[in-house]
1. For the range 90-103, which residues satisfy the criterion of being more than 21 Å from Asp46 (Cβ to Cβ) and either β-branched (Val, Ile, Thr) or surrounded by 12 or more Cβ atoms within 10 Å (Cβ to Cβ) (or both)?
2. Search the range 2-28 for residues that are of a type outside the set (Phe, Trp, Tyr) and at pLDDT below 95 and pair each with any residue that is loosely packed, with under 11 Cβ neighbours inside 10 Å and not in a helix (DSSP H, G or I) when their beta-carbon atoms are under 7 Å apart and the residues are at least 6 apart or on different chains.
3. Quick check: anything in the range 199-207 among the acidic types (Asp, Glu) and more than 30 Å from Lys13 (Cβ to Cβ)?
4. Test Lys200 against the criterion of being assigned to a loop (DSSP other than H, G, I, E, B) and either touching a Pro at 6+ places or on another chain (Cβ under 6 Å) or closer than 14 Å to Ile58 by Cα (or both), and give yes or no.
5. All but one of (1) farther than 23 Å from Phe16 by Cα; (2) over 15 Å from the mean Cα position of the chain (by Cα) hold for Ala60, so report the exception by its number.
6. Condition (residue is of a type outside the set (S, T, N, Q), within 14 Å of the chain's Cα centre (by Cα), within 19 Å of Lys101 (Cβ to Cβ) and not in a loop (DSSP other than H, G, I, E, B)) applied to the range 118-136: is it met by at least one residue?
7. Would it be correct to say that Asn62 is surrounded by fewer than 18 Cβ atoms within 10 Å (Cβ to Cβ) and either more than 18 Å from Tyr138 (Cβ to Cβ) or in contact (Cβ under 8 Å) with a residue 12 or more places away in the chain (or both)?
8. Given (1) touching a residue at least 24 places away in the same chain (Cβ under 8 Å); (2) more than 22 Å from Lys56 (Cβ to Cβ), where does Asn122 come up short, assuming only one miss?
Amino acid sequence: MKHQIALDTWNRKDHFNFFNQFDNPFFGITVDINCTKAYDKTKELDTSFFIYYLHKSIVAANCVEAFRYRIINQEVYLYDVIDASATINRKNSPFGFSYIKYHENYEEFTKTAKKEIERVQNTIGLNPATSGENVIHYSSLPWVNFTSLSHAHNSAFNDSCPKISFGKMTLKDGRRTMPMSVHVHHALIDGYEVGLYIDKFQELMNQ
């Protein structure tokens, strides 16, 4: 479910009106995530590292209210829950978009994710999300230890969904790290909220 925000009394009214006029209102931050404990945990559980960190990321995002804001027909809505839309690689054709329902419980999320990944890998095409949907756009580049990242952008498409990308995990002196890029709509989210998300994600990865 979603609830409309009363713009006239919203404490972000001025920020929304200002940044929502931009041709490209997104800004991005790239950080290195310590995934040493998380990677060891996946080996202990005999589970997918990709699904594991995707779950921790979507849990963290649901904990930060600003990541659940979306713009629909120039109005702002707050979703109760947001889901994950991750790119999934295919063996003999280009990637496809997946839609994985949010579950706070990791076992339930894994069941849902595995079923959806199998569906995407056995189909063709993209099936992209529409503007304002309650998803975060995820992508993974496990071949690249990037230090910055940009996204294709169509100014005619009023997209307000956060975009989170993960890169290649590297091992140095017994410590595993992975770059993560976070791009968000500045009319809805500031650097402070991005920091809250990053801190929460790192906390969950350290458990």
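1. Once the filter is applied, which keeps residues that are more than 21 Å from Asp46 (Cβ to Cβ) and either β-branched (Val, Ile, Thr) or surrounded by 12 or more Cβ atoms within 10 Å (Cβ to Cβ) (or both), the range 90-103 yields Arg90, Phe95, Gly96, Phe97, Ser98, Tyr99, Lys101, Tyr102.
2. Taking only residues 6 or more apart or on different chains, the pairs are Asp23/Ser155; Asn24/Ser155.
3. yes
4. In short, no.
5. Result: Ala60 fails condition (2) only.
6. The answer is yes, given that some residue of the range 118-136 is of a type outside the set (S, T, N, Q), within 14 Å of the chain's Cα centre (by Cα), within 19 Å of Lys101 (Cβ to Cβ) and not in a loop (DSSP other than H, G, I, E, B).
7. Values: surrounded by fewer than 18 Cβ atoms within 10 Å (Cβ to Cβ): no; either more than 18 Å from Tyr138 (Cβ to Cβ) or in contact (Cβ under 8 Å) with a residue 12 or more places away in the chain (or both): yes.
Against the criterion (surrounded by fewer than 18 Cβ atoms within 10 Å (Cβ to Cβ) and either more than 18 Å from Tyr138 (Cβ to Cβ) or in contact (Cβ under 8 Å) with a residue 12 or more places away in the chain (or both)), Asn62 does not qualify.
8. Single failed check for Asn122: (1).
The values are calculated or read from the model by the stated rules, or taken from the named source; none is laboratory data. Here the structure is a predicted model, which means the values were calculated and not measured. Please note: Cβ atoms are built from the backbone with ideal geometry, for glycine as well, and neighbour counts cover all protein chains shown.
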